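The block underneath contains the structure these notes are about, expressed in structure tokens.
The values are calculated or read from the model by the stated rules, or taken from the named source; none is laboratory data. What you are looking at is a predicted structure, and each value in this text was computed from that prediction instead of being measured. As a convention, Cβ positions derive from the backbone with ideal geometry for all residues, glycine included, and neighbour counts pool all protein chains shown.
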Amino acid sequence: MFNSGVKINVIPSYAEAFVNFRIHSAQTLQEVMDLVKSTISDERVKVEMVDGFDPLPISSYDEQAFGFQVIKKTVQVMFPQLTVAPGICVGNTDSRHYKDITRDIYRFAPTWFKPGDPQRFHGVNERISIKNYEEIVLFYFQLIQNNDIRKLPPPHSSQHEL
């Protein structure tokens, strides 16, 4: 968000910018701040952090990772045409509030984008289809059902059933 000037042909006497960074899991908040300061490299420009926190650690996703395997099984049952692979969610959402009570935090929603949807993401007319909403509810119901086991069975190949 940038604020400066009142006319296109007048140099503003004051300018400010607020930037919301999405920090990669391999970086820290301090590293990003240092990069911003070295990139600007102008002592006249004041750089300060309004609010921030380090990114969450990467959650387990191997064959012994209970949470990932339960999500994977649920996806494969409901959407057999899909391949499941781990990914990164750089928008930490409210999940950061769980970091002190669990080692692994999985951020996942089975949302389908229709043509034109990516341009509306977090913007004007953001929405999902009624069918997709129903699929999300069914997915989470099935995910809860699939969690009703005590431990993972031992793996017998690179792809296994829970």
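Yes or no, residue by residue, for (1) under 30 Å from residue 140 (Cα atoms); (2) of a type outside the set (A, V, I, L, M, F, W, C):
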| position | (1), (2) |
| --- | --- |
| 11 | no, no |
| 25 | yes, yes |
| 40 | no, no |
| 53 | yes, no |
| 63 | yes, yes |
| 93 | yes, yes |
| 103 | yes, yes |
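Among the residues that make up the stretch 69-78, is at least one of them modelled with pLDDT of 90 or more and exposed (fewer than 10 other Cβ atoms within 10 Å of the Cβ)? Looking for residues that are modelled with pLDDT of 90 or more and exposed (fewer than 10 other Cβ atoms within 10 Å of the Cβ), one finds none in the stretch 69-78, hence no. State whether the residues of the stretch 52-60 include one that is touching a residue at least 60 places away in the same chain (Cβ under 8 Å), in contact with a helix residue (DSSP H, G or I) (Cβ under 8 Å, 6 or more places away or on another chain), outside the structural domain of residue 132 (by TED's automatic domain parsing) and surrounded by 10 or more Cβ atoms within 10 Å (Cβ to Cβ). The answer is no, given that none of the residues of the stretch 52-60 is touching a residue at least 60 places away in the same chain (Cβ under 8 Å), in contact with a helix residue (DSSP H, G or I) (Cβ under 8 Å, 6 or more places away or on another chain), outside the structural domain of residue 132 (by TED's automatic domain parsing) and surrounded by 10 or more Cβ atoms within 10 Å (Cβ to Cβ).
I'd like to check something: does the stretch 81-99 contain any residue that is at pLDDT 85 or above, exposed (fewer than 15 other Cβ atoms within 10 Å of the Cβ) and farther than 25 Å from residue 25 by Cβ? Yes: the stretch 81-99 contains one or more residues that are at pLDDT 85 or above, exposed (fewer than 15 other Cβ atoms within 10 Å of the Cβ) and farther than 25 Å from residue 25 by Cβ. Taking the conditions exactly as written (among the polar types (S, T, N, Q), over 16 Å from the mean Cα position of the chain (by Cα) and part of a helix (DSSP H, G or I)), does residue 69 satisfy them or not? Yes. If you go through the stretch 17-45 and keep only what is charged (D, E, K, R) and either exposed (fewer than 10 other Cβ atoms within 10 Å of the Cβ) or modelled with pLDDT of 95 or more (or both), you end up with 31, 34, 37, 42, 43, 44.
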